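This report refers to the structure that appears directly beneath it.
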Amino acid sequence: MTSDTTPLLEVTDLRKHFPIRSGLLGRVTGHVRAVDGISFSVQPGEVLGLVGESGCGKTTAGRCILRLIEPTSGQVRFDGREVTTLSRRELRSLRRDMQIVFQDPYSSLNPRQTVGSMLREVLSVHGLATGQAARTRVADLLRMVGMSPHHISRYPHEFSGGQRQRIGIARALAVGPKLIVADEPISALDVSIQAQVINLLRDLQQQMSLTYVFIAHNLSVVEHISDRVAVMYLGRIVELAPSRALYQRPSHPYTVSLLSAIPQPDPDRVHKRIVLAGDVPSPANPPSGCRFHPRCFMATDRCRVEDPPLLEIAPGHATACHFPDEVRARASTLL
Ligand code: SF4
């Protein structure tokens, strides 16, 4: 991955506000600001981790990028084209280059279709291969994801969760995409096989120079696969940094709290877990000032009224907090 090339994906001020309707006439009485103005870019061959608690907007952001749901506003530039203004036909051809791996591999596979038939259909719909060429390609795809070509005539219910997710990955790879949005690809799997699927995704990314937006709800999942990590809270990115900087010098209290929740394998490095007060506030009515202030262990009066912008504090490292130096100093005593 190089950092001085043109980004493959550039997201600018992306928003998705879902209307809240009430009454018999279904009048709009408010909006759930699921994604509320996020900007980031991803270089070709880069893995960007997108992390936050459930309800922070990360999955909605991933789907807006692929236009599986329509964004309310903002720009998504992919491979030199503006995705948000493409017609349905143009979008269909772009889908070859932008694929998604879903969280729940079972519900994303057709239970009445064998694996072979499903993968051949993908190849045929995109005009990539038919007949014997398709059969050969399907066998290759299964091998790529660590499965046997003998599995070709089996149905989804005949596989384990991990195998089903491998099939989901094979389906995404079938069209030769440039970008894969991996939407919590391991969170529905047993802990014992999560590492295998992460390793597979990492190996494929390296072999094929793929670009990932890797969505997860905790930082331990993305640590070894991401080049950079964006931490989301209540529809916004609150910290964005190269992985090493984020894990070693977190500069937002929310990131510090997420890091404190990662179990330490070294018994001599036990750290105190920071338990955040209360639940995530409603994205329909975000708190004033800094959105994190009701749960922040470093909040001051200024935080209740002044919304901190996402500012760069070191090359490539940005945080949305008024006191990044103090946070770093505090983190070094806590983690
Ligand atoms: Fe906490 Fe204040 Fe920083 Fe927000 S601006 S994260 S409330 S210290």
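Nothing in this text is a laboratory measurement; each read-out follows from the coordinates by a stated rule. Since we're looking at a predicted model, the values are computed, not measured. When we count neighbours, we look across all protein chains shown, and the Cβ atoms used for this are built from the backbone with ideal geometry, even at glycine.
Hey, with R₀ at 22 Å, roughly what FRET efficiency would Asn110 and Ser187 work out to, going by the Cβ-Cβ distance, to 0.05? Write out the running numbers ahead of the final one.
Details: r = 22 Å, r/R0 = 0.99.
My answer for the efficiency is 0.50.
Taking amide H atoms as placed 1.01 Å from N in the peptide plane, list the residues 5 or more away in sequence, or in a different chain, whose amide H sits under 5 Å from that of Val238.
Residues meeting the amide H criterion: Val231, Met232, Tyr233.
Based on a Kirkwood Rh over C-alpha pairs, give the Stokes-Einstein translational diffusion coefficient of segment 72-231 at 37 °C and viscosity 0.692 mPa s in µm²/s.
Working: Rh = 16.5 Å.
Reported coefficient: 199 µm²/s.
Mind listing the phi-derived Karplus ³J(HN,Hα) values for segment 132-143, rounded to whole Hz, using 6.51, -1.76 and 1.60 with θ = phi - 60°, and x for any glycine or proline?
Result, ordered by residue: 5, 4, 5, 4, 5, 5, 5, 4, 4, 4, 5, 4 Hz.
Counting each DSSP H run of 4 or more residues in the chain as -39500 (n - 2.57), what helix-only mean residue ellipticity at 222 nm follows after dividing by all residues, to the nearest 500 deg cm²/dmol?
On the way: 11 runs with 105 residues, N = 335.
Roughly -9000 deg cm²/dmol at 222 nm, from the helical runs in the chain.
Would you work out if the chain is rounded, prolate or oblate? Take a ≥ b ≥ c from the square roots of the eigenvalues of the alpha-carbon gyration tensor; rounded if a/c is under 1.5, else prolate when a/b is larger than b/c, oblate otherwise.
Verdict is prolate for the chain.
May I ask for the longest run of the chain untouched by trypsin sites (Lys or Arg not before Pro) that are loop-located per DSSP and have at most 13 neighbouring C-beta atoms (other than their own) within 10 Å? Don't jump to the answer; show the numbers that get you there.
Values: sites that count: Arg112, Lys272, Arg273.
Longest gap between qualifying sites, sites excluded: 113-271.
Using the Cα centre as the reference, give the magnitude of the dipole from point charges on the C-beta atoms of the chain (Lys, Arg: +1; Asp, Glu: -1; all else neutral), rounded to the nearest 20 debye. Before the final figure, lay out each step's value.
Numbers: 39 positive and 31 negative charges, 198 e Å.
It comes to approximately 960 debye.
Can you find, among Asn285, Ala299, Gly316, the residue farthest towards the positive end of the dipole of the chain? Put +1 on the C-beta of Lys and Arg, -1 on that of Asp and Glu.
About the Cα centre, the residue reaching furthest to the positive side is Asn285.
In whole Å, how far is the Cα centre of segment 182-226 from that of segment 228-252?
Here the answer is 18 Å between Cα centres.
In segment 87-238, if the dipole is taken from +1 on Lys/Arg beta carbons and -1 on Asp/Glu beta carbons about the Cα centre, which of His151, Leu119, Ser187 is farthest to the positive end?
Result: Leu119.
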